Structures are given as structure tokens and as C-alpha cells.
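Heads up: the structure comes next, in C-alpha cells.
The values are calculated or read from the model by the stated rules, or taken from the named source; none is laboratory data. The structure displayed is predicted, hence computed values, not measured ones. Cβ placement follows ideal geometry from the backbone for every residue including glycine, while neighbour counts extend to all protein chains displayed. Each accessible area value is taken on the protein alone, full model and side chains, heavy atoms only, with ligands, DNA and RNA left out. Shrake-Rupley method; radii C 1.70, N 1.55, O 1.52, S 1.80 Å.
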Amino acid sequence: MEYPMVDTKRWVNPQEFENMFAIKQSTQKAMRSAGKLPYVKFGGFVKYDLNDIDKLFEQHKLNNGVLDEN
């Protein structure tokens, strides 16, 4: 799913990400450090692209408890 830049907010900060997906900021930081969570950093501010997050979730989607390789 592509998030249009005009109709939907595409970039979110760690607090917004936590509110949307219930993933604590400390967990986000650990995932970023491990290279598991894509992000950009501008002037000390971390931002997540919702398009990247959607792709990440699709890659980790389970089908009846098994990772869907499609």
C-alpha cells in the first residue's frame, strides 16, 4: 500500500509510531541499531516512512503461523 503524500501523513516520529503500532520507543531504538527498522534522521530527529513500515510488515506476515515467503 502506498501512502500518498497529500492525503495521508507519510512520515511519523517515534512517538507517533509507538501510538500507531504499540512498539515502544526503546524497542524501536534496538531495532534501528540492529538494522531491522528502516528510518531517516534529520538534525537529530528520527522519522519513519510508513511505506517502508508497510513493506516490513508484509515481509514478516505469517500465514497460519508460518512466515509467508511470497
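Below is a table of values for the structure above.
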| read-out | value |
| --- | --- |
| Count of the stretch 1-40 residues which are modelled with pLDDT of 95 or more, among the charged types (D, E, K, R) and farther than 20 Å from residue 60 by Cβ | 1 |
| Residues that are without any contact (Cβ under 8 Å) to a residue 24 or more places away in the chain and open to solvent by 90 Å² or more (accessible area, probe 1.4 Å), drawn from the stretch 24-57 | 24, 29, 33, 36, 39, 41, 42, 55 |
